[in-house]
Amino acid sequence: MKLLLILTSIVVGIVCVIVLFMKVYPAFGRRPSKEKAQAFSRSSQYLNGKFENPVPTMMNMGFGNTVGILRDFAKNSPNRRPKTQFAMGTPNLIKDQETKVTWFGHSASLLTIDGKALLLDPMLGKAPSPFPWFGKGRYSGGLPFEIVQLPVIDAVILSHDHYDHLDYGSIMKIKDKVNKFIVPLGVGGHLIRWGVQPERIEEHDWWEEFMFEGLTMACTPATHFSGRSMTDRGASLWCSWVIKGKQCSIFFSGDSGYSSHFKKIGLKYGPFDLTLMECGQYDDRWSDIHMMPEETVKAHMDVKGKLMIPIHWGAFTLALHDWTDPVERAIRAAQTNKVSIIIPKIGQTVIVNAAEYPIETWWK
């Protein structure tokens, strides 16, 4: 009996330490307040106290499946990361009237449109983790620019709160040069904890359309999930984004499994001059929340995209496939379906609707 009490006390103590640590360690962010959560009940995506996908979404993370995934990650696979660091491009960070995009690896991009600078999912740190000093980091080692070189950012656009999209260290470095943070419902709580004033944050639900500095924007659906800790899954919303300027229209997919929402977006807001479409970190075991490359191309066609840049690859290993597998498969699928696709170097600026686009196979 005494031994049982001792063991129980140890377990309770460990749990208390973990809970306390999660409350004081800032990278975990902050759940929305009770008042905010009550307001979310007006959203058709908010059911039973959390956000949910409108379609059944399989994410089998039971004990057996989790052990299998960990075992697979532990197996040696020499092609999950580049063997050597690859060359990066030199970004054009000037904010002017040209519509141009600079991809920084994974899902982070700088979009300049109609004289506005928008940073999309700016994960600019070493590793997508609450503890980025552990483990192997970014393939490229760093980025081809310094934070101080960025222009004043009119808005940071976030798709959801996962560590590979919303990075505490990156936000702390850029927040003072950002005018507005445009995010899905519930994500603002993290930013407020990190010192961003509430008046600089806009939260939006799916299908909300609004104007921002002359741009027409819409928060659109995605099939995914959210959460930064063991206790906040579904506490905030996930989304994709429509960004329309005077001359160009852009679609940013965020993270998503393939679903009928892409066709709905295409019918309502297409065509798009450029799509930034998720392509990477996939596996059959979580295919409902991350697209296979062939589905990436299909989703691009569904939204009526003209030119596609595959994103969500080229920076970190978060799945079991070879690091070049996403781009190779996407290119083959694009060729089969006569889809225009470009693969710029990390840091290479692409002018939308240019006469020519990058063709170098830099990843080989």
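The values are calculated or read from the model by the stated rules, or taken from the named source; none is laboratory data. Please read all numbers here as calculations on a predicted model, not as lab measurements. Note that each Cβ is placed from the backbone with ideal geometry, even for glycine, and that neighbours are counted across all protein chains shown. Keep in mind that these areas ignore ligands, DNA and RNA; they rest on the heavy atoms of the full protein, side chains included. Shrake-Rupley method; radii C 1.70, N 1.55, O 1.52, S 1.80 Å.
Every condition in (1) in contact (Cβ under 8 Å) with a residue 24 or more places away in the chain; (2) open to solvent by less than 10 Å² (accessible area, probe 1.4 Å); (3) of a type outside the set (Lys, Arg) is met by residue 191 except one, and the failing one is (1).
In the stretch 85-109, the residues that are farther than 20 Å from residue 247 by Cα and aromatic (Phe, Trp, Tyr) form Cβ pairs under 7 Å with partners that are part of a loop (DSSP other than H, G, I, E, B) and open to solvent by less than 30 Å² (accessible area, probe 1.4 Å), at six or more places apart or across chains, as follows: 86/140; 86/362; 86/363; 103/344; 103/346; 104/124; 104/346; 104/347.
For residue 343, the conditions (1) within 20 Å of residue 110 (Cα to Cα); (2) of a type outside the set (Lys, Arg); (3) touching a residue at least 40 places away in the same chain (Cβ under 8 Å); (4) open to solvent by 10 Å² or more (accessible area, probe 1.4 Å) all hold with the exception of (3).
Somewhere in the stretch 233-241, is a residue over 23 Å from residue 258 (Cα atoms) and among the charged types (D, E, K, R)? The answer is no; no qualifying residue exists. Note on the stretch 315-364: among residues that are within 23 Å of the chain's Cα centre (by Cα) and small (Gly, Ala, Ser), the one that is nearest to residue 126 (Cα to Cα) is 315. In the stretch 81-198, counting only strands (runs of 3 or more DSSP E) that sit wholly within it, the ones holding 1 or more residues that are in contact with a His (Cβ under 8 Å, 6 or more places away or on another chain) and hydrophobic (A, V, I, L, M, F, W, C) span 181-184. Checked against the criterion of being modelled with pLDDT of 95 or more and either open to solvent by 40 Å² or more (accessible area, probe 1.4 Å) or closer than 30 Å to residue 205 by Cβ (or both), the stretch 55-75 contains not a single residue that satisfies it.
Within the stretch 199-221, the set of residues being open to solvent by 50 Å² or more (accessible area, probe 1.4 Å) and part of a loop (DSSP other than H, G, I, E, B) comprises 207, 213, 214. In the list 156, 148, 196, which residue meets the criterion of being within 13 Å of residue 123 (Cα to Cα) and either without any contact (Cβ under 8 Å) to a residue 40 or more places away in the chain or open to solvent by 40 Å² or more (accessible area, probe 1.4 Å) (or both)? Checking each option against the conditions leaves just 156.
Which of (1) among the basic types (Lys, Arg); (2) out of contact with any helix residue (DSSP H, G or I) (no Cβ under 8 Å at 6 or more places or on another chain); (3) open to solvent by less than 30 Å² (accessible area, probe 1.4 Å) does residue 228 not meet, given it meets every other one? Condition (2) is where residue 228 drops out.
Just one of (1) over 19 Å from residue 224 (Cβ atoms); (2) touching a helix residue (DSSP H, G or I) at 6+ places or on another chain (Cβ under 9 Å) trips up residue 313, so point out which. Single failed check for residue 313: (1).
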